[in-house]
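The values are calculated or read from the model by the stated rules, or taken from the named source; none is laboratory data. Remember, it's a predicted structure, so these values are computed and weren't measured experimentally. As a convention, Cβ positions derive from the backbone with ideal geometry for all residues, glycine included, and neighbour counts pool all protein chains shown.
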Amino acid sequence: MAKKKRRFEQLEAAAAAPKEKKTYVDPIQQQVIPRIEDAGKKLEGKGKTILYGIAALVVLAILVGVFLRWNNRSSGAAQAALGKAIETSQAQVTETAPPAGSTQKFFRTEKERAEAAIAEFQVVVDKFGGDAGEKAKYFVAINRLAIDRPAAVQELEGLANSGSDTGKLAKFALAQTRLGDNRLDEAATLYQELAAMSDPIVAKDTINFELAKIYEKQGKKQEAVAIYFNIAKTASEAKDADGKAIPLTETATNAKEKVKELDPEKAKEIPDAAPPSPFGS
């Protein structure tokens, strides 16, 4: 009788105990995003832009944020397919094959990699459509920049007309292409449109910094300094919830250096801040 009572109490306790929820592991978060972040770190300080390849796009935490937003709106199959295509677009380009037994993807040329990635992204477009398809179209355009620039730009223009997260990313990429083509007025207009949005996806400091660079190229020194100054001063005065100074992002640090370079007297108005963040902007 005592044993039965103890057994009943054990079952009752087990039933009352909170059950552990099974957490869905997004393949993009688990596998692709770390690779995106790693690629971004490798590119820091190299001055590359989105224009010159898929690797430059992944710098940003931009894509990470977009995928996290999209995470709850797409099927696991669509996520996995898109993640697989992104991995292909990030595969190593080398003349030397990986060691025997390695499952690591590699391509002999940038063109081969771009073509393979485009094919995989196109499958996502055709099979899933919706949010997944739109994002796949974006990556198709970005990869196509390496092999058929005019066609890629046309695709970005079409996507940039959308007000979706992907459309905003496409507009930023299009601004970068315009800047790379030295079509400064067009690039400035696109950056201005992004900066005016309440949620442009890309960090506003990044957008404004790019706009200031254009003003510099156009000889609009005062306008450039005003933007650099605003980025640096705002960041230098920022505090966390405990009232402690927040370390400057890489963008804010660069903006501060720009003010020092272009207007040393104005730079004196920027307060000292915490050391720059090791994670960049």
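Tabulated results
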read-out	value
Residues of the stretch 226-258 classified as at negative phi, small (Gly, Ala, Ser) and not in a helix (DSSP H, G or I), total	3
Per-region count, the stretch 126-166, residues within 17 Å of PRO200 (Cα to Cα) and without any contact (Cβ under 8 Å) to a residue 12 or more places away in the chain	2
Residue match in the stretch 202-215 (condition: β-branched (Val, Ile, Thr), surrounded by 14 or more Cβ atoms within 10 Å (Cβ to Cβ), at positive phi and out of contact with any strand residue (DSSP E or B) (no Cβ under 9 Å at 6 or more places or on another chain))	no
Residue satisfying all of: in the stretch 242-264; charged (D, E, K, R) and at pLDDT below 95; farthest from VAL225 (Cα to Cα) among these	ASP242
Test result for ALA187, within 30 Å of ASN161 (Cα to Cα), assigned to a helix (DSSP H, G or I) and not assigned by TED's automatic domain parsing to the domain that holds LEU145	no
Among (1) under 19 Å from the mean Cα position of the chain (by Cα); (2) outside the structural domain of PHE121 (by TED's automatic domain parsing); (3) not in a helix (DSSP H, G or I) - the single one GLY163 does not satisfy	(2)
